[in-house]
Structure formats: C-alpha cells, structure tokens
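Scroll down for the structure; my scribbles are underneath it.
Only the coordinates and a few stated rules stand behind these numbers; no lab work does. What you are looking at is a predicted structure, and each value in this text was computed from that prediction instead of being measured. Cβ placement follows ideal geometry from the backbone for every residue including glycine, while neighbour counts extend to all protein chains displayed.
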Amino acid sequence: MPETLIAIDDLVVEYFTLRGPLRAVDSASLTINQGEILGIVGESGSGKSTLAQAVLRILPPQARIVRGSITYRGRDLAKMSEGELKKIRWKEISMVPQAALNALNPTLRIRDHFIETAKAHGVADKRGVIEKASELLEQVRLDPKRVLSSYPHELSGGMKQRVLIALSLLLDPQIVILDEPTTALDVLTQRFILDLLKELKERLGITMVFITHDIAVIADIADRVAVMYAGQVVEVGNVFDVFYEPLHPYTRLLIKSVPGLKGDIEDMRPIPGSPPDMFNPPEGCRFHPRCPWKFEPCDRFDPSLVKLGDGRIVSCHLYTDKRAG
Ligand SMILES: Nc1ncnc2c1ncn2[C@@H]1O[C@H](COP(=O)(O)OP(=O)(O)OP(=O)(O)O)[C@@H](O)[C@H]1O
Ligand SMILES: [Mg+2]
C-alpha cells in the first residue's frame, strides 16, 4: 500500500457571493499518495482549483472551509494557524497556480522572481538561491544564463511555464500541485512539458497533483485519477482501471467525448446537457439530469461513496442499488 501523504476528508468549501453562498467543493474525500502523479479532472467550474487552493489554504477571502479535514503528517491543514502554514507552503507543498503564465511580474527579471520567492519564505542567501535556480532551470532544459537575466515578456509561453515549474521546486517541496500547467500551450510544447514533469517526478522523487479539464492529458501523465463533477469527487481509481472500465456515468461519457481515447471517432459523443447552476444544484445525484442511466433514486437521494477495492471509489446509485448492472 502506498503511503498517504495528504488525506482530504469530507471537505466542504463555500464562496460567499452577492447571490448567496456557493458550495464549490462538496463533501470531497481523496488521498494524495507518496510518489504518485494524481490527476484531478473535471469540466470548468467543477471545483478543481478551489480544492487545490483549500489544501494550501490560499483561498480568496470570500471563500471558507465550512467542514472537513486535510490531514498532512498527522496534522489538519484546514485548522492550522497562518504561522504554521507558512512553514509548509512552498517548502513542503508548493503550487503552480492556474493561469500562472500571467502571474510573473513583468517588471522583474526571472532571477528576481527566484530571489523574491525565497525571501518570502525566509531564505535570504541570494547566491545560494541563484545557484539552486540555475540548477533547476537546467533541469527544465532552459539556459540559466539567458533566462535568469530575462524579463517575462522575453520568454515564450512554454519557457515561462518551465520557469514556473522550476520556481515551484525552489525550496525542495515534497508535493507540487500543478493547476492546468499545459492548458495554454500548443500541442508540441504540451507534450514536451508532460514528459519533463514525468522525468522530474522520477528524478526528484516528488509527488505531483496535476489538475486539468483534459482527460486525454490525464491518460498520459497520471498514475491515479480523481474525477470531479459539480464540486464532488465522483470517481477515484488507478488510471488504467478508470480508462479501461469507467464506472461513474460522467466518467464514461467524459472518456467517450474525446477522440482517440477509446473506440472510433464515430462513437465519439459530447456529454449531453450542461453543467448545473452551482447556486442551485439538482436534488439527489448532481449528474442525474444529464445521466442516460438514471433510475428511480437518482433525483431524490445523494449517492454515498462506494469503495470497491484496489482504491476504486465511486459515488453513483448504480453501485449502491441491487438493480445495478
Ligand atoms: N472567487 C470566487 N468567487 C465566487 N465564486 C467562485 C470564485 N472562484 C470560483 N468560484 C466558483 O466556484 C466554482 C468552482 O470554481 P473552480 O475555479 O474551483 O473550478 P475549476 O474546476 O477549477 O474550473 P476551471 O476548469 O474553469 O478552472 C465555480 O462555480 C466558480 O464559479
Ligand atoms: Mg481551475
């Protein structure tokens, strides 16, 4: 059994908005295991980024963890003080946030991004930081001499993304969370970065969480996958098992919606319907209005999580009801 590094249990995160509370993550349970690449996949608005931000407690001020725990080394990140979290962020768990390409400060050279990041986390030795930065930039196949003295606008999107990956590794974290790290890149650059991440994971022995809306990318990079729908984790399993035999109807349709993953292009079908209004999600199973397999309990009861062995978890009445087939 792989060692669990982070155990998320029954996590609920809400945003307080002018239209009222919006439950972006709802009763999510999930583990992040030592040495793996865990993929988190789901359509836009399913709560992937909110979940990741909750783990590092970098949620925007209008968001609140309402319930649940995030256990890391025997301690609950959800309840930790800001002072204690500071010792963990970046040094033990780091993140490349979504749309990070725009997060680099256009007025700072890349070297200063490394120096400022280290300083913000209590490391003042500039020479040491630049040495480490050069090493990391080489690992992501960039020329440190050129890149460290460049401004962000002098680099391509793929180069900037690699700088951000190097930056996330600056303080030797054990876990790196990458939120849509390849979404804005062309296919070839995306391919290059995926290979690079796999290599870094092996070489540095780190654990990665890779967030994407693209199930094809998950098939390529992840060891295990968690599928999110409307704020809930609806299926978890080893990538091979989930692709070979997706259980949750949403996962089945998600895999069918992508050309080349399974079956012929004629078989390819978009998922019917549209994502729910998160202010007013459907009663019962949140997927039932779009589900071709729905039956009598689905619009009335929220399905519970069913554990099926081999770490396979699914939340669907097909697996809780005897009539399943
Ligand atoms: N700052 C915010 N204020 C209010 N609601 C928010 C805020 N950020 C996100 N939400 C809402 O929370 C839900 C989950 O959003 P989140 O960004 O976590 O989804 P996501 O799965 O990361 O989507 P994407 O694939 O588009 O990045 C959505 O309904 C979104 O509208
Ligand atoms: Mg997101």
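Share of pairwise Cα-Cα distances greater than 25 Å in segment 26-151 is 38 percent (whole percent). Each listed q (0.10, 0.11, 0.14 Å⁻¹) maps to a log10 I(q)/I(0) for segment 108-238 from the Debye sum over equal C-alpha point scatterers, namely -0.35, -0.43, -0.67. Under a model in which nothing but the beta-carbon of Lys, Arg (+1) and Asp, Glu (-1) is charged, segment 125-171 shows a dipole of about 60 debye around its Cα centre.
Taking 7 Å steps out from each Cα toward its Cβ at residue 10 and residue 204 produces label points 3.5 nm apart.
Taking the Cα centre of the chain as the origin and placing charges on Cβ (Lys, Arg +1; Asp, Glu -1), which of 208, 15, 25 is farthest toward the positive end of the dipole? Looking along the dipole axis, the top candidate is 15.
Between 0 and 90 degrees, the angle of helix 110-120 with respect to the longest Cα principal axis of the chain falls at about 80 degrees. If only the Cβ of Lys and Arg carry +1 and only the Cβ of Asp and Glu carry -1, the dipole of the chain around its Cα centre is close to 700 debye. Using the Cα centre as the reference, give the magnitude of the dipole from point charges on the C-beta atoms of segment 184-280 (Lys, Arg: +1; Asp, Glu: -1; all else neutral), rounded to the nearest 20 debye. My answer is approximately 140 debye.
Scattering from segment 2-80 was approximated by placing one identical point on each alpha carbon and applying the Debye formula without solvent; log10 I(q)/I(0) at 0.17 1/Å stands at -0.65. What fraction of the Cα pairs in the chain, stated in percent, has a spacing above 36 angstrom? Here the tail beyond 36 Å accounts for 21 percent of pairs.
Against the empirical 2.2 N^0.38 Å (N residues), segment 68-108 has a Cα radius of gyration ratio of 1.52.
As a test, work out the antiparallel percent of DSSP beta bridges whose residues both lie in segment 177-306, rounded to the nearest 5. Given both bridge residues lie in segment 177-306, the antiparallel proportion sits at roughly 65 percent. Compared with the dominant principal axis of the Cα atoms in the chain, helix 126-139 is inclined by about 50°. A DSSP coil position with no more than 14 other Cβ atoms inside 10 Å describes the following trypsin sites (Lys or Arg not before Pro) in segment 17-124: 19, 73.
Each of 83, 185, 72 was placed along the dipole of the chain (beta-carbon charges, centred on the mean Cα), and the one lying farthest toward the positive end is 83. Put a dot 7 Å past the Cα of residue 241, heading toward its Cβ, do the same for residue 306, and the two dots end up 1.4 nm apart.
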